[in-house]
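The numbers here are math on the coordinates, done by the rules we state, and not lab data. These numbers come from a predicted model, not from an experiment. Please note: Cβ atoms are built from the backbone with ideal geometry, for glycine as well, and neighbour counts cover all protein chains shown.
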Amino acid sequence: MKRRRKHYRRRGGIGLSAAVTLCLAGSLLLFARAGGEAYVQKLIDRLAGNSDFILRAVSLELGMTPDTAEVYAPRTAAAARSEDAADPLAESTYIPLEEENDAPVLDAADKAATITVNNETSYEVDVAACLAAETSIRAEGDGPQVLIVHTHGSESYTPDAAFPYTPTENERTTDTRYNVVRVGDELQKVLEENGVQAMHIRDIFDSPAYSGSYDRSLAAIEDALAANPTIKIVIDVHRDSILTDDGTAYKTSCTIDGEEMAQLMFVVGTDEGGLYHPDWQQNLNYVTGLQYQLNRAYPGLMRPVNLRTQRFNQHASPGSMLIEVGSSGNTMPEALAAIRLFGQALADDLNGA
């Protein structure tokens with residue numbers, strides 16, 4: 001799924017950094033207008049390569065103090081084509097925690113403070129109310145409990161030595177060894193290893209024609225639900241695409257137990273676009289609770305929940321979700337490492353563990 005980069009809401013406590021940055025910007029502008037444009041451009045190029053400057057600038061944008069933020073600069077997708085490449089850099093800014101959070105379980109209001117929802121709709125969202133609803137889904141009976149599907153199955157990752165392939169435009173391929181279908185295979189494996197039967201639709205719905213892919217995947221989802229009434233969760237697995245105007249690819253990254261992996265993001269659809277979707281709030285309630293569990297078990301793994309005007313076929317079942325597994329700048333091993341943790345957490349939740 002292609003996404004535009006969004007700005008985070010600013011927070012207080014950064015007045016000094018803001019003043020220094022504004023003074024620096026004003027000085028550079030005046031100097032450039034006085035005839036020093038070439039020198040100013042050279043200085044800006046040097047600052048762009050200074051990690052400390054980037055850290056402080058991005059911390060200012062996010063409203064975080066530099067000593068609590070870990071910031072990564074962008075790099076082109078080609079930089080990760082070799083396992084021997086320098087440590088890959090990521091777009092994400094997050095506060096990493098090395099140890100699992102074993103603090104006491106919070107009440108709904110306190111839990112809400114640990115969850116961010118990027119709301120792209122006009123609806124008001126009360127995260128505490130979502131959590132207080134305690135929407136739970138449990139694996140019950142015989143038959144598949146989870147349906148895994150890929151509306152954009154050709155979405156793939158930056159090639160590396162472990163998964164070398166020749167992508168088409170924007171990191172896509174119909175070879176299921178290298179696209180998100182492979183990630184779905186891994187998710188199915190983890191769920192079934194933990195006692196949750198899963199069904200995986202491995203069809204490619206966005207090739208050769210991208211247009212109409214949601215219509216085609218919806219037909220497959222509805223057929224699967226009709227034939228398997230035990231299914232309680234429908235997961236549409238995607239990978240994000242975060243690109244600059246010049247085609248530079250970003251990756252979303254975190255480190256869990258010393259292993260670098262892709263970050264994950266829930267995308268929740270609504271009916272604001274005009275399509276029938278009466279249960280979107282129930283989906284949001286469920287995903288919010290699951291997000292809290294994931295944040296608690298694997299700090300840094302999850303990006304904020306993204307609430308959208310589009311429906312994304314999530315009206316098909318109350319337990320529907322769309323999950324972005326990394327971005328086109330990530331590698332397949334990073335995506336697989338992340339989906340294993342998600343699969344374990346989902347299985348635990350479905351089993352009531």
Which residues qualify? For residue 153, with a placed amide H closer than 5 Å and at least 5 residues away or on another chain, they are 205, 206
Considering only DSSP beta bridges whose two residues both sit in segment 111-262, what percent are antiparallel, to the nearest 5? 55
Phi to ³J(HN,Hα) by Karplus 6.51 cos²θ - 1.76 cosθ + 1.60 over segment 131-146, Hz, x for Gly, Pro: 6, 5, 5, 6, 5, 10, 10, 10, 6, 9, x, 9, x, x, 9, 10
FRET efficiency, residue 210 to residue 27 (Cβ-Cβ, R0 35 Å, nearest 0.05): 0.15
Taking Cα centroids, how far is segment 261-283 from segment 109-129 in Å? 13
Could you work out the relative contact order of segment 251-353, using alpha carbon pairs under 8 angstrom and six or more residues apart, expressed as a whole percent? 39
Once the piece of chain linking residue 123 and residue 348 is laid out straight, how much longer is it, given 0.36 nm per residue of separation minus the C-alpha distance between them? 77.9 nm
Which value, in debye to the nearest 20, gives the size of the charge dipole of segment 169-300 about its Cα centre, when Lys and Arg are +1 and Asp and Glu are -1 at the Cβ? 300
Please list, in order along segment 340-353, the HN-Hα scalar couplings obtained from phi with the Karplus expression 6.51 cos²θ - 1.76 cosθ + 1.60 (θ = phi - 60°), rounded to whole Hz, x for Gly and Pro. 5, 5, 4, x, 5, 5, 5, 4, 4, 5, 5, 7, x, 6
Diffing segment 240-257: the Karplus 3J(HN,Hα) column from phi (6.51, -1.76, 1.60, θ = phi - 60°), in whole Hz with x for Gly and Pro, holds 6, 9, 10, 10, 7, 4, 8, x, 5, 9, 9, 10, 9, 9, 8, 10, 10, 6
At 0.36 nm per residue, and after removing the present C-alpha to C-alpha distance, how many nm does the segment from residue 177 to residue 275 gain when stretched out fully? 31.9 nm
